[in-house]
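For reference, the structure discussed in these notes is given below.
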Amino acid sequence: MRSIFALLASFLLALPACAQEAKPSVLIAYFTWAENTIIEDEAASLASALAHYDNMGDSQSGVDATSSASLLMPGNTAMMASHIQRLTGGELFSIQVEQPYPSNYDECLDRAADELDDNARPALKTHVENMEDYDIVFLGMPNWWYSCPMAVLTFVEEYDFSGKTVIPFVAHGTGGISGSVRDMSALLPQDCTVLAPIGVYRPEIPTCGPAVEEWLKTLDLPFALNDSFEVTE
Ligand SMILES: Cc1cc2nc3c(=O)[nH]c(=O)nc-3n(C[C@H](O)[C@H](O)[C@H](O)COP(=O)(O)O)c2cc1C
């Protein structure tokens, strides 16, 4: 008789634990130029980026122009990723190509244009060991030529996203998100859910924490967010 009571008691004690939903596993994968280039002459590389923005009529003066030039660490998409990491507690993963891109802006533009024309899939040197463990994958990319870096497509094709939720985020210039999310999403399977992306304009990257938080709140994620930017900043 005592053993039946013990069994009943352990069953009742286990009930609250069963009733609680486990927090989904979150991966925050991102591609950023700064982690996909090797800078030999920092001043010359920065000058090439800032000259390009000038030509585009998209220059900002002072510190922000330099810090949002996207060439120096942390890159713009990486900064967005670190805010998402802080708020969700997910794992960060940097998508990196085997052959780094030039750190000269125009040369990088040329290679990216060639890869887009060729519908290339640049080989990656970083890989997620346990993609099957993740339920939610935030996927970050810069707008490159009104699309995304082709390495992001290599990444998407490398794994099985069936049943997962993918949440895109984009760092961009004056072109906005353009076709980046559309082109990436086209390669995902039918049963993958893609949530509404956020795009952040290059000069707004250094102060985008609160905007990232507001966006995350609109997604109705199945877990609570960590400490708020409103409280701490
Ligand atoms: C090769 C290349 C192509 C780009 N093409 C575009 C574009 O078509 N439209 C746009 O708005 N920004 C474009 N940009 C600007 C980037 O999207 C922007 O600087 C972004 O913040 C960079 O993010 P990252 O630092 O994570 O690489 C391009 C940048 C590079 C390097």
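Miscellaneous remarks
- Inter-label distance for Leu195 and Asp220, nm, one decimal - labels placed 7 Å from Cα along Cα-to-Cβ: 1.1
- For segment 126-142, putting each phi into the Karplus relation 6.51 cos²θ - 1.76 cosθ + 1.60 with θ = phi - 60° gives couplings of 10, 9, 7, 5, 10, 4, 4, 7, 9, 8, 10, 10, 6, 10, x, 7, x Hz, in residue order, rounded to whole numbers and with x for Gly and Pro.
- Each listed q (0.17 Å⁻¹) maps to a log10 I(q)/I(0) for segment 33-218, found by the Debye formula over equal Cα scatterers with no solvent: -1.16.
- Once the Cα-Cα distance is subtracted from the 0.36 nm per residue extended length, the Glu204 to Arg182 segment shows a gain of 5.6 nm.
- Amide H contacts under 5 Å for Thr32: Ile95, restricted to partners 5 or more places along the chain or on a different chain, H placed in the peptide plane at 1.01 Å from N.
- Segment 33-218, dipole about Cα centre (Lys/Arg Cβ +1, Asp/Glu Cβ -1), debye to the nearest 20: 540
- Antiparallel bridges, percent of DSSP beta bridges restricted to segment 33-218 (to nearest 5): 10
- Straight-distance crosslink candidates among lysines, where the alpha carbon sits under 21 Å from Lys23 and sequence neighbours closer than 8 are dropped: Lys164, Lys217
- Top positive-direction residue, dipole computed over segment 33-218 with Cβ charges, set Tyr159, Leu216, Met131: Leu216
- Added length on full extension, which subtracts the Cα-Cα distance from 0.36 nm per residue, Glu107 to Asn119: 2.5 nm
- When you count the other C-beta atoms within 10 angstrom of each residue and take the mean per peptide, 75-88, 184-197 line up highest first as 75-88, 184-197.
- Our summary of shape: the Cα atoms of segment 107-154 have principal axis extents of 37, 19, 16 Å, ordered from largest down, in whole angstrom.
Read-outs: derived from the displayed coordinates by stated rules, not from any lab. Nothing here was measured: the structure is a model prediction, and the numbers come from that model. For neighbour counting, all protein chains shown are included, and Cβ atoms are generated from backbone atoms with ideal geometry for every residue, glycine included.
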